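Please read the structure below before turning to the comments.
Since every read-out is calculated from the coordinates, none of them should be taken as a lab result. As the structure is a computational prediction, the values presented were derived from the model and not from experiment. All Cβ positions, glycine included, derive from the backbone under ideal geometry; neighbour counts span all protein chains shown.
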Amino acid sequence: MHGSNALQIGLFGANCSSGRAVTLVPERWSGNWPDNKKLALLADAAGIDFLLPIGRWKGYGGDSDYQGTTLETITWATGLLAATRRITVFGTVHAPIFNPVVAAKEMVTADHIGEGRFGLNIVVGWNEGEFDMFGVEQRAHEQRYEYAQEWIDVIKMIWSDREDFDFDGNYLHMKGIKGKPKPYGGTRPVIMNAGASPTGQAFAVKNCDAFFLQASRISLEESAARVRRAKEAARAHGRAIGCYTVGVVTCRPTRKAAEDYFHHCIVEHADWSAVDGILALKNISRQTVPMAEYLAQRSGYAQGMGGLPIVGDPDHVASQFADLAKAGLTGIAISLVNYLDELPYFVAEVCGRLEWMGLREKPRSS
Ligand SMILES: Cc1cc2nc3c(=O)[nH]c(=O)nc-3n(C[C@H](O)[C@H](O)[C@H](O)COP(=O)(O)O)c2cc1C
């Protein structure tokens, strides 16, 4: 990313209705354009480092039709890049659905509009229902990443100085490829991936600048070991990567107020019918996994489909962030129930504390 913060902070999922909180509370995130634009302007002024959208094509149903309304991510990023000045904005692109020549052109256009601030989150997809909608067959897991390798190779070639080249892979057969302009400023957009399987992780460290991994909920040492392993794997390819993670933040003036709000949104008013739909897509049910695991997964998915829950007062939240930095993480993408309502307090109290700790810089005033 472009900022110089030792611990970078991004906002994850704001292009989708309900964001990442599977809740029925009326203040849940609208995901509409006016709110997204206001949020981006606020985040940009507050020195937030990046905005990371979710590439989703179909909602998960339930009483809230969780993530049923989503803004397409490259066009969303393009609009936000035109409106902002410093923040990096990602597009989350499903490789099997986007023709790489079209995608390379769309992304380079966004990158020029943002003067080099566009980032690519490359995803291979996992939800068959979404692929059926496109008439595209979901490949077996390994082949998804084989295809993605050819896709990203073509994209990087188009973005390089190469002109008028052919690509003849196992999946892609393309002739006379050209693409101008090249990315803004003679660099290429930052590329991230969040593969969790061994194949997905291998793809990420070989191809990406930023790798999203799951931080351990139990121990700092385990998170540090995960970061170390990913960096070593990248080094074996002669590459350096930054490691990031995902957090679901509820920050209030007191621990009790934070825990109460978390319980209100994510337990009492969780959209359990949507959660059960998500679990069914992942083949997690009372029949397929032991009851204790089923209940743990159910509660985990209600609070943002995974990600580290960070619930507490500003001291606690800031200390959790500092621990992530100690584990070697470069940054964290967070979600909030209502991003616009909650961001100002988070910035003032948590980012402020991180500035005192030397993990973040004061946002520039102009
Ligand atoms: C931060 C983050 C963002 C992700 N964004 C998306 C997304 O927008 N769309 C999607 O289909 N998958 C998304 N994923 C899923 C990953 O790309 C990946 O498929 C998943 O972690 C499973 O790993 P695997 O593909 O190696 O099995 C995301 C995961 C994380 C942690």
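If you average the C-alpha positions of region 25-67 and of region 157-235 separately, how far apart do those two centres end up, in angstrom?
Cα centroid of region 25-67 versus Cα centroid of region 157-235: 25 Å apart.
Determine which aspartates and glutamates satisfy two conditions relative to Lys256: a Cα distance under 18 Å, and not lying fewer than 8 residues away in the same chain.
In chain and number order, the partners are Glu268, Asp313, Asp315, Glu342, Glu349.
For region 123-232, what does the relative contact order come out to in percent, with C-alpha contacts under 8 Å and a separation of six or more?
17 percent
Can you show me the helix-derived [θ] at 222 nm for the chain, built from DSSP H runs with n ≥ 4 at -39,500 (n - 2.57) apiece and divided by the number of residues, rounded to the nearest 500.
So the helix-based figure for the chain works out to -12500 deg cm²/dmol.
For region 1-133, what does the relative contact order come out to in percent, with C-alpha contacts under 8 Å and a separation of six or more?
25 percent
What does the highest-first list of 276-288, 99-111 look like by mean Cβ count within 10 Å?
99-111, 276-288
Starting from the Cα-Cα distance between Leu41 and Asn283, subtract it from 0.36 nm times their residue separation and give me the gain in nm to one decimal.
Gain on extension, Leu41 to Asn283, equals 83.2 nm.
Please check: in the Gaussian network model of the chain (C-alpha springs, under 10 Å), which one of Tyr261, Tyr339, Tyr244 has the largest mean-square fluctuation.
So, out of Tyr261, Tyr339, Tyr244, the one fluctuating most is Tyr261.
Here is the link list: Lys58/Lys175; Lys282/Lys326; Lys58/Lys282; Lys156/Lys180. Which ones come out longer than 23 Å on Cα distance?
From the list (Lys58/Lys175; Lys282/Lys326; Lys58/Lys282; Lys156/Lys180), the Cα-Cα distance tops 23 Å for Lys58/Lys175; Lys282/Lys326.
Specify whether the C-alpha gyration tensor of region 41-105 places it in the rounded, prolate or oblate class, a ≥ b ≥ c being the square roots of the eigenvalues: rounded for a/c under 1.5, otherwise prolate if a/b is larger than b/c and oblate if not.
oblate
What net charge is computed for the residues neighbouring Ala236, neighbours being all others with C-beta under 12 Å from the C-beta of Ala236, Lys and Arg scored +1, Asp and Glu -1?
So the surrounding residues net to +4.
Give me the percent relative contact order of the chain, please, defined on Cα pairs under 8 angstrom at least 6 residues apart.
Relative contact order of the chain: 23 percent.
Count the DSSP beta bridges whose two residues both fall in the chain, then state the antiparallel fraction as a percent rounded to the nearest 5.
That works out to approximately 15 percent antiparallel.
Measure nothing but the geometry: give the 0 to 90° angle between the long axis through the Cα atoms of 100-113 and the longest principal axis through the Cα atoms of the chain, rounded to 10°.
Around 60 degrees separate the two axes.
How compact is region 12-169 by the rule of thumb for globular proteins, expressed as Cα Rg over 2.2 N^0.38 Å?
It is 1.11.
Tabulate in residue order the Karplus-calculated ³J(HN,Hα) for region 200-210, using 6.51 cos²θ - 1.76 cosθ + 1.60 with θ = phi - 60°, rounded to whole Hz; enter x for Gly and Pro.
x, 5, 4, 4, 4, 5, 7, 10, 10, 8, 10
Which one, Asn170, Asn32, Asn121, has the greatest fluctuation when you compute a Gaussian network model over the chain with C-alpha springs under 10 angstrom?
Of Asn170, Asn32, Asn121, the most mobile in the Gaussian network model is Asn170.
Taking only the Cα atoms of region 151-252, how large is their convex hull per residue, in Å³?
Per residue, the Cα convex hull of region 151-252 comes to 152 Å³.
Could you please tell me the mean projected area of the C-alpha convex hull for the chain, averaged over all directions and given in square nanometres to one decimal?
Taking a quarter of the hull surface, the average projection is 17.9 nm².
Between Arg235 and Glu361, what is 0.36 nm times their sequence separation minus the Cα-Cα distance? Round to one decimal in nm.
That pair, Arg235 and Glu361, stretches by 42.5 nm at full extension.
In a shell of Cβ-Cβ distance under 12 Å around Leu279, excluding Leu279 itself, what net charge do Lys and Arg (+1) and Asp and Glu (-1) give?
Charge balance in the 12 Å sphere: +1.
In the structure displayed, which of Lys38/Lys362; Lys178/Lys231; Lys37/Lys206 lie more than 25 Å apart, Cα to Cα?
Among Lys38/Lys362; Lys178/Lys231; Lys37/Lys206, the Cα-Cα distance tops 25 Å for Lys178/Lys231; Lys37/Lys206.
Top mean-square fluctuation among Arg235, Arg144, Arg28, Gaussian network model of the chain, C-alpha springs under 10 Å?
Sorting by GNM fluctuation, first place goes to Arg235.
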